[in-house]
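Undergrad: Before I ask anything, let me first share the structure, which is written out below as structure tokens.
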Amino acid sequence: MFKHRSPSQQEKILTLALRQIEIMLKNMQSDGKDLSRLKLKKFQKTHHIDCSCKLCKTAKTKNDPRLRGLLEDGFKVYLPGSSKDS
Ligand SMILES: [Zn+2]
């Protein structure tokens, strides 16, 4: 389904997502919660280093780890310096 989205549609979705997150965080802050230390990062877990699937083979040939197969792909909200950062 989302493979067929046009780039401009993708942009709209990203803008919408940004707005939603901003509004949500702002509302929480208005409620008196201190979110100033909150950080958001892109989170990707690639296949095992010895994996030999098509994607990982390509990544190895082109020497580009970003091309490797993905186990997980998402976002992580975290606090810098917090002890549990798994
Ligand atoms: Zn793989």
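Undergrad: Quick one: would you say ARG66 is in the same structural domain as LEU79 (by TED's automatic domain parsing) and part of a helix (DSSP H, G or I)?
TA: When the stated conditions are applied, ARG66 passes them.
Undergrad: So, LEU35, is that one of a type in the set (A, V, I, L, M) and either at pLDDT 95 or above or not in a helix (DSSP H, G or I) (or both) or not?
TA: Yes, satisfied.
Undergrad: Does LYS12 count as in a loop (DSSP other than H, G, I, E, B), surrounded by 10 or more Cβ atoms within 10 Å (Cβ to Cβ) and not polar (S, T, N, Q)?
TA: No, not satisfied.
One line per residue, one yes/no per condition, for (1) of a type in the set (Ser, Thr, Tyr); (2) farther than 21 Å from LEU18 by Cβ; (3) surrounded by 13 or more Cβ atoms within 10 Å (Cβ to Cβ):
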{"residue": "LEU38", "(1), (2), (3)": "no, no, yes"}
{"residue": "LYS42", "(1), (2), (3)": "no, no, no"}
{"residue": "ASP50", "(1), (2), (3)": "no, yes, no"}
{"residue": "GLY81", "(1), (2), (3)": "no, yes, no"}
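Undergrad: Does any residue in region 7-33 that is under 22 Å from TYR78 (Cβ atoms) come within less than 8 Å, Cβ to Cβ, of a residue that is of a type in the set (A, V, I, L, M, F, W, C) and part of a loop (DSSP other than H, G, I, E, B) six or more places away or on a different chain, and which pairs are these?
TA: LEU25/LEU35; LEU25/LEU38; MET28/LEU35; GLN29/LEU35
Undergrad: Let me ask something else. Output the residue which, of all residues in region 7-61 that are within 16 Å of the ligand (Cβ to nearest atom) and of a type in the set (Val, Ile, Thr), is nearest to the chain's Cα centre (by Cα).
TA: THR46
The values are calculated or read from the model by the stated rules, or taken from the named source; none is laboratory data. All values reported here derive from a predicted model rather than from experimental measurement. So basically every Cβ, Gly included, is an ideal-geometry build from the backbone, and we count neighbours across all protein chains shown.
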